[in-house]
1. Given (1) open to solvent by less than 50 Å² (accessible area, probe 1.4 Å); (2) part of a loop (DSSP other than H, G, I, E, B); (3) in contact with a Phe, Trp or Tyr (Cβ under 9 Å, 6 or more places away or on another chain); (4) at pLDDT below 90, identify the lone condition not met by Leu77.
2. Condition first: of a type outside the set (A, V, I, L, M, F, W, C) and modelled with pLDDT of 90 or more. Now tell me which residues in segment 248-276 satisfy that.
3. I'd like the residue in segment 22-45 that is assigned to a loop (DSSP other than H, G, I, E, B) and surrounded by 14 or more Cβ atoms within 10 Å (Cβ to Cβ) and, out of all such residues, is farthest from the chain's Cα centre (by Cα).
4. I need the full set of residues from segment 46-64 which are touching a strand residue (DSSP E or B) at 6+ places or on another chain (Cβ under 6 Å) and either open to solvent by 40 Å² or more (accessible area, probe 1.4 Å) or more than 25 Å from Ala14 (Cβ to Cβ) (or both), in order please.
5. What number of residues within segment 246-261 satisfy the criterion of being on the phi > 0 side of the Ramachandran plot and of a type in the set (Gly, Ala, Ser)?
6. Having 1 or more residues that are closer than 19 Å to Phe231 by Cα and of a type in the set (Asp, Glu) is the bar; report the strands (runs of 3 or more DSSP E) wholly within segment 143-215 that clear it.
7. Looking only at segment 113-150, how many residues end up being at pLDDT 85 or above and of a type outside the set (Asp, Glu)?
8. From the set of residues in segment 221-265 that are open to solvent by less than 10 Å² (accessible area, probe 1.4 Å), touching a Lys or Arg at 6+ places or on another chain (Cβ under 8 Å) and of a type outside the set (Ser, Thr, Tyr), which is farthest from Ser125 (Cα to Cα)?
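The values are calculated or read from the model by the stated rules, or taken from the named source; none is laboratory data. Everything quoted here is computed from the prediction, not taken from an experiment. We place every Cβ from the backbone using ideal geometry, glycine too, and count neighbours over all the protein chains shown. The area values use the complete protein model at the heavy-atom level, side chains included, leaving out ligands, DNA and RNA. Shrake-Rupley method; radii C 1.70, N 1.55, O 1.52, S 1.80 Å.
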Amino acid sequence: MTDWQLIIDWRAAAESDRELLIGELWCHDIYGIEERDEVAIVGFMSEVAARAAAGAIDASAIAVTVTIVEVVDDAYLDEWRTFARPWRADRLFIRPSWVDAVAPPDTIEIVIDPERSFGSGAHASTRLALELLQLIDLNGRTVLDVGCGSGVLAIAAAALGAARVDAIDIDSGAVHATMTNARRNKFDDRIHARVATIDGVDGRFDVVLANVLSSVHREIGADVRSRAWLFAIAAGMLDGQAGEIESAYGATTVASRAHDQWIGLLLQVDRANGGP
């Protein structure tokens, strides 16, 4: 089977531009990303998908050079697993399923295998969302996870006491990974994942989670607002974008967390000020 790679020379790109580039790439049909000091190597199943991503990168005007390469051996797609490590977000201990480690006694262990497409969940935006999630009393609550990916946020919500978690993503692979990981952590009775966009979700939820790109936050803000009964957690944007995301959600920031140039927001909707 033939696969395709983008070899992205990003030596001239600023660190913030590299982060934006990685975020853009995860919006495409990719197998995985290996980040090195001088280049990023991105795997695709088809030439069409690789060229679409290359076109999006060119349009972004980020200072990188992109080369499209056809490959036959796809073993490189799993190389990142060699470097995966367990990590901690306050009371939560996130362990890749293939890594042996003992969770600290004061933590809740979550075991994740993201499969090829979704990374280990260790990105700064995921950490920020997990930290903010622990500021809420989730016992008996309902949660909606928008853009569930590997399911780490949905599983964390269940582990922290949520009675029901609905997880949605536009990628069927994400839904499969989420439910596989829900079963692995014995939360499949409380987590329900399906292919959907938020405008196809009915009802309201106590908490809505969205760890997505800033452009997506702007698109879904009104829909999240109409479905979040108590709180929304928004992550996946850079620090300077916090104000516009808060405005898009029509909500008030009650807590925030930052790491490097990334920021996560815990938002409370003010329904007395024109909210549904």
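1. (2)
2. First, pick out the residues of segment 248-276 that are of a type outside the set (A, V, I, L, M, F, W, C): 249-250, 252-253, 256-257, 259-261, 264, 268, 270-271, 273-276.
Within segment 248-276, Tyr249, Thr252, Thr253, Ser256, Arg257, Gly264, Gln268 qualify.
3. This residue is Met45.
4. Within segment 46-64, Glu47 is the sole residue that qualifies.
5. Of the residues in that region, 1 qualify.
6. It comes to 164-169, 205-211.
7. Number satisfying all stated conditions: 23.
8. Step by step, filter segment 221-265, then rank; the result is Ala228.
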